[in-house]
Amino acid sequence: MNYVILSGGEVGLARARGRKNRNGRGSLASDLEQRFISVQPQLGPQRQKLIRSIIDHSEETCFLSSRELAKSYNVDAATIVRSVQALGYKGFAEFAQDLRQHFISRITPYTVLKAATREKRTVQDHIDHSLDKALENVNDLRENLDRNQVIALARLIHTSRNILVVGSDLAASIAYHLAYSLTVLGFHAEAGTGSEGNVQHKVKLLTKKDLLIAISFGQCLRVTVEAAQQAAKSGASTFGITDSETTPIARYCKNYLIAPTISPSFLSSYAAPMALVNAIYSACVHLHPKRSLSYLKPTEKEYLSGLRWYRESRASSKTET
């Protein structure tokens, strides 16, 4: 089973919508659950039981086709389709999309780690499994990346006056890496990290001539999604980096790129997002190579002989010998 893992800071930040779970604590009702709650009085007991079971076992059911789901519950495929339509969905594909989002909204680092500890693997096995997943993510990115969208983002970067890259918690490392790389090429870019207030103030300064790049995965952090929404209202261009076309970042940014973050660990794997950042940087460089060379040429002496790098002094070298 492949899990879409959420970054540590991206779990549990969703706000409750008034529904209570069995423990009496506030809990966010997913879109699927809200549909089920609204039509539940009109459903027969058998159909209620079927849908409730599918939702409650989403970690298993969200990856199944309608036929596989029907086989699991010992019913025919038509029953599954009619049950889905009773919830207001046009077809099974639309239902399956919401079921996956429901699953993502319920998984936590604890549940992932708990499942992993039950597996009969050595520590070395877990290390290899983690590296294998990271490689799979990068290969998936290479196979499915929309190159034209990467080039479109590079063109936006070249034509934007200011570039604000927003990524919080663990995604802040990706945001900083991208912003720093763009600065080296002479673009006015900065990472919108730090407190929520700091991000909000920076977003308020954006205009139609500016670009916001929003980075978040899974459920997506509220502060990042709201930054994208506010930037769009200001007329700024918005571009998302996320791990699915159904995430809030994908919905609220005008354009987006997808990098998988699947991991067997309780933290997301950012190997693919970092590889995507390198691809974006490469597109920016080679879209206008002469411009790129003109900005990098002054740094050549510093890289070859400047004080930037650590050098062993002759005295210390003699002492060691």
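In table form, for the structure just shown:
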quantity: Qualifying positions in the range 164-202 - over 17 Å from the mean Cα position of the chain (by Cα) and either of a type in the set (Phe, Trp, Tyr) or within 18 Å of residue 229 (Cβ to Cβ) (or both); calculated: 164, 180, 187, 196, 197, 198, 199, 200, 201, 202
quantity: Residues satisfying the stated conditions in the range 268-296, i.e. of a type in the set (Ser, Thr, Tyr), surrounded by 14 or more Cβ atoms within 10 Å (Cβ to Cβ) and either under 26 Å from the mean Cα position of the chain (by Cα) or at positive phi (or both); calculated: 268, 269, 270, 281
quantity: Residue that is surrounded by the most Cβ atoms within 10 Å (Cβ to Cβ) [pool: residues in the range 37-52 that are under 19 Å from residue 69 (Cβ atoms) and polar (S, T, N, Q)]; calculated: 48
quantity: Helices (runs of 4 or more DSSP H) completely within the range 85-170 that count 1 or more residues being more than 26 Å from residue 288 (Cα to Cα); calculated: 92-106, 109-117, 123-144
quantity: Residue list for the range 66-81, filter: outside any helix (DSSP H, G or I) and either among the hydrophobic types (A, V, I, L, M, F, W, C) or surrounded by 14 or more Cβ atoms within 10 Å (Cβ to Cβ) (or both); calculated: 73, 75
quantity: Residue within the range 100-121 that is exposed (fewer than 14 other Cβ atoms within 10 Å of the Cβ), of a type in the set (S, T, N, Q) and farther than 21 Å from residue 262 by Cβ present; calculated: no
quantity: Selection from the range 229-243 of residues that are within 24 Å of residue 102 (Cα to Cα) and buried (at least 24 other Cβ atoms within 10 Å of the Cβ); calculated: 240, 241, 242, 243
quantity: Single condition residue 145 does not satisfy, out of (1) surrounded by 11 or more Cβ atoms within 10 Å (Cβ to Cβ); (2) assigned by TED's automatic domain parsing to the domain that holds residue 267; (3) modelled with pLDDT under 95; (4) not aromatic (Phe, Trp, Tyr); calculated: (3)
quantity: The one condition in (1) modelled with pLDDT of 90 or more; (2) under 23 Å from the mean Cα position of the chain (by Cα); (3) more than 23 Å from residue 249 (Cα to Cα) that residue 124 fails to fulfil; calculated: (2)
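Yes or no, residue by residue, for (1) touching a residue at least 40 places away in the same chain (Cβ under 8 Å); (2) assigned to a strand (DSSP E or B); (3) in contact with a Cys (Cβ under 9 Å, 6 or more places away or on another chain); (4) crowded, with 22+ Cβ neighbours inside 10 Å:
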position: 203; (1), (2), (3), (4): no, no, no, yes
position: 212; (1), (2), (3), (4): yes, yes, yes, yes
position: 227; (1), (2), (3), (4): yes, no, no, yes
position: 245; (1), (2), (3), (4): no, no, no, no
position: 263; (1), (2), (3), (4): yes, no, no, yes
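Matching residues to (1) touching a Lys or Arg at 6+ places or on another chain (Cβ under 7 Å); (2) in the same structural domain as residue 280 (by TED's automatic domain parsing); (3) among the hydroxyl-bearing types (Ser, Thr, Tyr); (4) without any contact (Cβ under 8 Å) to a residue 60 or more places away in the chain:
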residue: 50; (1), (2), (3), (4): no, no, no, yes
residue: 53; (1), (2), (3), (4): no, no, yes, yes
residue: 82; (1), (2), (3), (4): no, no, no, yes
residue: 99; (1), (2), (3), (4): no, no, no, no
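The values are calculated or read from the model by the stated rules, or taken from the named source; none is laboratory data. These figures come from a predicted structure and were not determined experimentally. We place every Cβ from the backbone using ideal geometry, glycine too, and count neighbours over all the protein chains shown.
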